[in-house]
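Chemist: Before we start, here is the structure in question, set down as structure tokens.
The values are calculated or read from the model by the stated rules, or taken from the named source; none is laboratory data. Values in this document were obtained by computation on a predicted structure and should not be read as measured data. No Cβ is skipped: glycine too gets one built from the backbone with ideal geometry, and neighbour counts run over all protein chains shown. Side chains included, ligands, DNA and RNA excluded: accessible areas come from the protein's heavy atoms. Shrake-Rupley method; radii C 1.70, N 1.55, O 1.52, S 1.80 Å.
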2 protein chains.
Amino acid sequence: MRQRPPLTPLVGALPSTVPFVGPEAQERDRGRPFRARIGANESSFGPSPKVIARMAGIAGDMWMYCDPDNHDLKVAVAAHLGVKAENVVVGEGIDGLLSLVARMYVAPGDAVVTSLGAYPTFNFHVAGVGGRLVTVPYKNDHEDLGGLLDAVVKEKAPLVYLSNPDNPMGSWWDAAEIIRFIEALPETTMLVLDEAYGELGPASALPPIDVSRPNVVRMRTFSKAYGLAGIRCGYAVAEAQVISDFEKIRNHYGVSRMAQIAGVEALADQAWLESVVGRVEAGRRRISEIAEANGLKPLPSATNFVTIDCGSDGAFAMKVLQALLSRDVFIRKPMAPGLDHCIRVSVGLDRELDIFAEELPGALAAARGN
Amino acid sequence: MRQRPPLTPLVGALPSTVPFVGPEAQERDRGRPFRARIGANESSFGPSPKVIARMAGIAGDMWMYCDPDNHDLKVAVAAHLGVKAENVVVGEGIDGLLSLVARMYVAPGDAVVTSLGAYPTFNFHVAGVGGRLVTVPYKNDHEDLGGLLDAVVKEKAPLVYLSNPDNPMGSWWDAAEIIRFIEALPETTMLVLDEAYGELGPASALPPIDVSRPNVVRMRTFSKAYGLAGIRCGYAVAEAQVISDFEKIRNHYGVSRMAQIAGVEALADQAWLESVVGRVEAGRRRISEIAEANGLKPLPSATNFVTIDCGSDGAFAMKVLQALLSRDVFIRKPMAPGLDHCIRVSVGLDRELDIFAEELPGALAAARGN
């Protein structure tokens with residue numbers, strides 16, 4: 001054959017890429033496993049034992065399709081947040097919901113505003129619909145609310161992304177600042193407020209849920225504090241009409257039956273969540289102490305990771321990253337200018353942080369060429 | 001607020017719809033459960049006991065993200081089919097892959113050819129990218145290969161859908177007919193060959209896998225014969241460049257860790273698959289006998305369901321469907337003109353088919369107004 005089916009011009013112009021390479025791919029390349037898996041902001045503490053038992057118990061039921069309405073999980077989320085089920089949509093992780101939001105609000109050529117160095121998968125999905133990314137640099141390790149607002153207005157952006165607490169810097173704005181930002185947004189601009197780490201920071205960072213406003217969609221996940229990254233389940237909370245609009249394009253059978261049931265069970269065990277939050281706080285302190293003991297500067301964090309300023313430039317931080325990887329410690333680092341002098345270390349089990357503590361001095365020495 | 005963020009013109013023009021209402025939604029509406037769940041072409045025989053044990057055993061590992069490359073499952077599928085991993089992409093069921101294919105090959109206004117009454121979720125995803133559906137009526141309960149080909153050529157369609165074995169009619173074409181169809185297709189038209197039921201019919205219905213041809217993408221699933229509908233996992237097999245193009249837009253973290261591992265385990269237990277195929281064959285015979293005993297005409301089937309000609313018009317078949325639902329027997333029926341005189345009954349457990357046998361006479365009498 002001489003010809004082939006052409007991709008659409010939009011898709012044809014995109015690169016073939018995996019926005020986040022997983023630790024498994026690195027392990028395959030290296031030919032050996034990591035000893036500490038503290039790079040993907042997973043919860044090494046796992047899901048609640050009750051969730052594990054429930055998942056194990058329903059394995060034999062997996063011959064049945066999932067409920068395409070995600071009914072029981074929506075009801076549980078709604079009760080948990082004090083909203084109605086009509087204000088909740090469930091998706092294949094926040095990633096899946098971001099893809100849908102991009103398709104819903106962004107036509108080819110539209111400007112979409114985010115921070116320079118914020119979540120790459122959001123950018124990937126915006127590119128996937130032909131959106132034009134407009135990036136605003138972080139300011140003092142925070143997403144720059146004023147800068148984001150200015151860019152939205154200047155570019156007439158239909159969509160803006162903000163994560164609070166923030167990944168990859170771990171920083172956060174208090175609710176009052178977020179509310180001020182929301183109130184200043186043009187009514188025709190949709191805000192994606194990514195609260196993936198919402199359960200892990202101070203309660204003061206989370207504005208009250210307000211589903212009367214049609215230009216805010218808040219996203220949360222079972223991947224972080226609830227310890228269920230592997231089941232792929234997140235949810236969005238918004239005004240009912242916005243939620244209804246997801247029905248137009250979502251993959252109704254995208255969230256597994258296992259995930260829907262595990263999610264309900266996870267919400268029901270808030271005591272487990274509290275215990276995880278406590279362990280994450282302790283882990284953040286430990287990581288910060290390790291960083292300081294090595295002359296590095298840990299940034300304050302409202303998440304399950306600590307971003308560490310390595311005190312030099314991006315090239316140096318990259319060497320530290322590589323030295324840690326070569327010592328079987330899986331971590332990641334921000335890559336964007338302005339953030340790239342840092343590495344990012346997820347809270348893990350004590351024995352994983354022990355390994356980090358043992359290996360960091362050697363990694364720093366190697367990065368310094370000693 | 002007086003204004004709201006506008007949807008894109010494309011999405012704004014779509015209805016908010018669930019293409020397939022699930023049995024759970026019907027049970028919620030009815031206020032009581034079904035006694036026989038034989039409507040969604042699930043496998044009541046369940047997944048392999050080895051798969052169940054493995055899923056139960058890894059529940060505690062779900063704190064880890066899935067491998068975004070789906071590496072191990074791709075390798076296992078490739079080995080199973082005698083292709084390379086680069087010829088396989090894994091998705092959130094065939095549904096998820098259909099959504100991607102539509103985005104890859106269909107620009108707004110493009111014609112997409114399918115059969116009138118074929119898989120509604122394909123149509124949903126085509127509408128979601130602004131494609132213009134061109135439908136070809138079935139002919140003698142088969143998808144009309146000649147008619148599909150004519151429509152493709154006439155409409156210069158970039159994409160055509162064919163399921164073999166077919167849903168909702170259960171019919172099939174032998175491999176030679178499929179190959180003839182493929183060879184006659186324009187080189188610039190992509191064929192989605194949906195083989196969701198491929199393991200359940202005669203081997204002669206499946207052409208040899210040929211990944212040299214860039215205009216065929218074959219889709220298979222763990223939802224049917226493998227009994228894993230609830231984990232949401234399917235795969236596509238195609239030429240390597242086509243597979244690589246999926247990377248441009250897919251949700252890399254869409255398929256759960258549970259699904260990836262369950263899929264590998266399911267492929268490894270071909271003895272279980274064979275036993276299921278045997279039980280499905282027996283179930284088809286049983287359903288056909290029940291239909292004939294009631295004066296109805298079962299159609300030949302290469303799937304895990306039997307489509308039954310109720311011998312009258314669509315309105316009558318609808319009454320039969322409703323009478324069975326009211327008797328707590330969950331089945332479905334084709335709705336399209338030319339197919340709508342039929343009901344569709346999935347193979348279930350013996351006790352479920354017992355209930356169908358018990359309730360069908362009364363349902364027919366009710367439908368006839370006796």
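Chemist: Which members of the stretch A:61-113 meet the condition of being within 30 Å of B:Ile52 (Cα to Cα) and among the basic types (Lys, Arg)?
Modeler: Scanning the stretch A:61-113 gives a single hit, A:Lys74.
Chemist: I've got another one for you. Residue under question is A:Asp72, and the condition is that it be of a type in the set (D, E, K, R), buried (at least 22 other Cβ atoms within 10 Å of the Cβ) and either touching a strand residue (DSSP E or B) at 6+ places or on another chain (Cβ under 6 Å) or in contact (Cβ under 8 Å) with a residue 12 or more places away in the chain (or both); does it hold?
Modeler: It is false that A:Asp72 is of a type in the set (D, E, K, R), buried (at least 22 other Cβ atoms within 10 Å of the Cβ) and either touching a strand residue (DSSP E or B) at 6+ places or on another chain (Cβ under 6 Å) or in contact (Cβ under 8 Å) with a residue 12 or more places away in the chain (or both).
Chemist: Filter the stretch B:297-328 down to residues that are closer than 21 Å to B:Glu281 by Cβ and of a type in the set (Ser, Thr, Tyr) and give me whichever is nearest to the chain's Cα centre (by Cα).
Modeler: B:Thr303
Chemist: Just to verify a result, which residue in the stretch A:14-23, among those that are touching a residue at least 24 places away in the same chain (Cβ under 8 Å) and in contact with a Lys or Arg (Cβ under 9 Å, 6 or more places away or on another chain), is farthest from the other protein chains (Cβ to nearest Cβ)?
Modeler: The qualifying residue farthest from the other protein chains (Cβ to nearest Cβ) is A:Pro23.
Chemist: Hey, can you tell me all the residues within the stretch B:50-79 that are facing chain A (nearest Cβ under 7 Å), under 28 Å from the mean Cα position of the chain (by Cα) and assigned to a helix (DSSP H, G or I)?
Modeler: B:Ile52, B:Met55, B:Ala56, B:Ala59, B:His71
Chemist: Output the residues belonging to the stretch A:131-164 that are of a type outside the set (A, V, I, L, M, F, W, C) and in contact with an Asp or Glu (Cβ under 8 Å, 6 or more places away or on another chain).
Modeler: Result: A:Gly131, A:Arg132, A:Pro137, A:Tyr138, A:His142, A:Glu143, A:Pro158, A:Tyr161, A:Ser163, A:Asn164.
Chemist: Might you check whether a residue that is open to solvent by less than 10 Å² (accessible area, probe 1.4 Å) and in a helix (DSSP H, G or I) occurs anywhere in the stretch A:28-38?
Modeler: No, the stretch A:28-38 has no match at all.
Chemist: From the residues in the stretch B:24-47 that are touching a Lys or Arg at 6+ places or on another chain (Cβ under 9 Å) and more than 8 Å from chain A (Cβ to nearest Cβ), which one is nearest to B:Asp269 (Cα to Cα)?
Modeler: Applying the filter and picking the extreme gives B:Asn41.
Chemist: Also, I was wondering about something else. Which residue out of A:Gly348, A:Gly369 is modelled with pLDDT under 95 and not in a helix (DSSP H, G or I)?
Modeler: Going through A:Gly348, A:Gly369 in turn, the sole match is A:Gly369.
Chemist: Could I ask something else about it? Would you check which residues across the stretch B:107-162 are within 13 Å of chain A (Cβ to nearest Cβ) and hydroxyl-bearing (Ser, Thr, Tyr) and list them?
Modeler: B:Tyr119, B:Thr121, listed by residue number.
Chemist: Ok, one more. Say we look at the stretch A:243-288 and pick out the residues that are β-branched (Val, Ile, Thr) and in a loop (DSSP other than H, G, I, E, B); which of these is farthest from the other protein chains (Cβ to nearest Cβ)?
Modeler: It comes out as A:Val255.
Chemist: If you don't mind, another one. Taking into account only those residues within the stretch B:290-316 that are within 30 Å of B:Ala175 (Cα to Cα) and in a helix (DSSP H, G or I), which is least open to solvent (accessible area, probe 1.4 Å)?
Modeler: B:Ala291
Chemist: Could you list all residues from the stretch B:317-358 that are among the polar types (S, T, N, Q) and open to solvent by less than 30 Å² (accessible area, probe 1.4 Å)?
Modeler: The answer is B:Ser346, and nothing else.
Chemist: Of all the strands (runs of 3 or more DSSP E) wholly in the stretch A:87-186, which have at least 1 residues that are open to solvent by 10 Å² or more (accessible area, probe 1.4 Å), touching a residue at least 12 places away in the same chain (Cβ under 8 Å) and not hydroxyl-bearing (Ser, Thr, Tyr)?
Modeler: By residue number, A:132-136.
Chemist: State whether the residues of the stretch B:30-52 include one that is modelled with pLDDT under 95 and among the charged types (D, E, K, R).
Modeler: Within the stretch B:30-52 (the criterion being modelled with pLDDT under 95 and among the charged types (D, E, K, R)), the answer is yes, since at least one residue qualifies.
Chemist: Considering the stretch B:31-58 alone, what residues qualify as being without any contact (Cβ under 8 Å) to a residue 60 or more places away in the chain and farther than 21 Å from A:Ala262 by Cα?
Modeler: B:Gly31
Chemist: Checking B:Ala203 against (1) farther than 17 Å from B:Ala118 by Cβ; (2) touching a residue at least 24 places away in the same chain (Cβ under 8 Å); (3) small (Gly, Ala, Ser), which test does it fail?
Modeler: Unmet for B:Ala203, out of (1) farther than 17 Å from B:Ala118 by Cβ; (2) touching a residue at least 24 places away in the same chain (Cβ under 8 Å); (3) small (Gly, Ala, Ser): (2).
Chemist: Here are some conditions: (1) under 20 Å from A:Val88 (Cβ atoms); (2) open to solvent by 30 Å² or more (accessible area, probe 1.4 Å); (3) in contact with a strand residue (DSSP E or B) (Cβ under 7 Å, 6 or more places away or on another chain); (4) among the charged types (D, E, K, R). A:Glu195 meets all but one. Which one does it not meet?
Modeler: (2)
Chemist: In the stretch B:215-242, how many are under 14 Å from B:Met190 (Cβ atoms), open to solvent by 10 Å² or more (accessible area, probe 1.4 Å) and within 11 Å of chain A (Cβ to nearest Cβ)?
Modeler: 3
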